[in-house]
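Please read the structure below before turning to the comments.
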Amino acid sequence: MSTGLIALLDDVAAIAKTAAASLDDVAAQAGKAGSKAVGVVVDDAAVTPRYVVGFAAARELPIVGRIALGSLKNKMLFLLPGALLLSWLAPWLITPLLMLGGVYLCYEGAEKVLHALKPEVAQAHEKTVGALPEDPAALEETRVRGAIQTDFILSAEIMAITLASMPAASVWMQATVLAVVGIGITVLVYGAVALIVKADDAGVALAVNERPAGSLLGLRSPPPGEPSGTDRALRPLTQVLGRGLVLGMPHGLRLLALVGTAAMLWVGGGIILHGLEEYGVTGPAHLVHDAAHAAGAAMPAGGVVEWFVGAALAGLFGLVVGGAAIPLAQGVLAPAARAVKGMFGARTGPG
């Protein structure tokens, strides 16, 4: 009896050790994959806040929450099973699908550049492909839908990088790591976005707070009584910080919107360049790599310069691709979409 119990405990201990090792392996694989995808994560965080600019402060966090939920659905319901199925049944489809997503990102980025340089041409293009609605609720729906579509492409790139980092793992390990990376990155990105878009409100609260120590920087109601010495000492610093946030965040958000546009172009361009390499067209990618490497070797901060030049050249390539996609969308895709929509509308209409 005692021998059987000891054997059972040994088996339980062995199972526990195996489970712990598996958890450690998942954590290690997720950390490795997440570190490789960090560039796309930064791009995702830079792109998203521009979809919130222009809305009332009360709608900012709900919009971020809706986009985050859509991002999580993208990753968990579509991209995770889709990536596993494609890697099993049709791995040859992954690269062209990613390249199509890259073209979409380049198109989105080129549209923003066109709007900044030639707003009248951009407005005519928007009317052709479908203008933004003026009603706030409809505009919010359009913005959220556009953000989730863009997030889908960036998330697909993250999932592809994650999957490529563990080719020898079992399907269950791949699925678990993809889920861990997807959830972790979603929380990281949209938590950062929420902090960014609400920083000006935090600045207002700090600027008017007379008792920063007693209220724990506004996190609680201060106790009754006069401000303490710590309050009086901290107040000038917190109020200056608050006013700085209030004055600086509009400029910061505009700068972040520019970074987001640039991120669309360099990520989209990079995806296409890498895809071309997969098909043996190595010239453009080698040109970008060699130019970036030469620039990095010639400057003191070589690694930073190399990354910046590589991103800039990939962005220029993406701008060319996106610029070519604009007339294609306007002259071919938009009329085709309207024709299909009209055909289905006619089938479901009266009579």
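Worth pointing out:
- Karplus-based coupling profile of segment 109-115, in residue order and whole Hz: x, 5, 4, 5, 5, 4, 5, with θ = phi - 60° in 6.51 cos²θ - 1.76 cosθ + 1.60 and x standing for Gly or Pro.
- Rounded to 0.05, the FRET efficiency of the LEU316 and ALA116 pair, given R0 = 22 Å and the Cβ-Cβ distance, is 0.90.
- Computed over segment 202-351: relative contact order in percent, which uses C-alpha pairs under 8 Å that are six or more apart: 19
- When only Cα pairs below 8 angstrom with a gap of at least 6 residues are kept, segment 32-344 shows a relative contact order of 30 percent.
- Assigned charges on the beta-carbon of Lys, Arg, Asp, Glu; segment 32-344 dipole about Cα centre (debye): 460
- The amide H of ALA213, built 1.01 Å from its N in the peptide plane, has ASP231 as neighbours under 5 Å, considering only residues 5 or more places off or on other chains.
- Cα-based radius of gyration of segment 263-323 once divided by 2.2 N^0.38 Å, which approximates compact folds: 1.10
- Alpha-carbon centroid distance for the pair segment 221-288 / segment 161-214, whole angstrom: 14
Bear in mind that the values in this text are calculations on the coordinates, not laboratory data. Predicted, not measured: the structure shown is a model, and the values here were computed from it. Here Cβ is always computed from backbone atoms with ideal geometry, including for glycine, and neighbour counts include all displayed protein chains.
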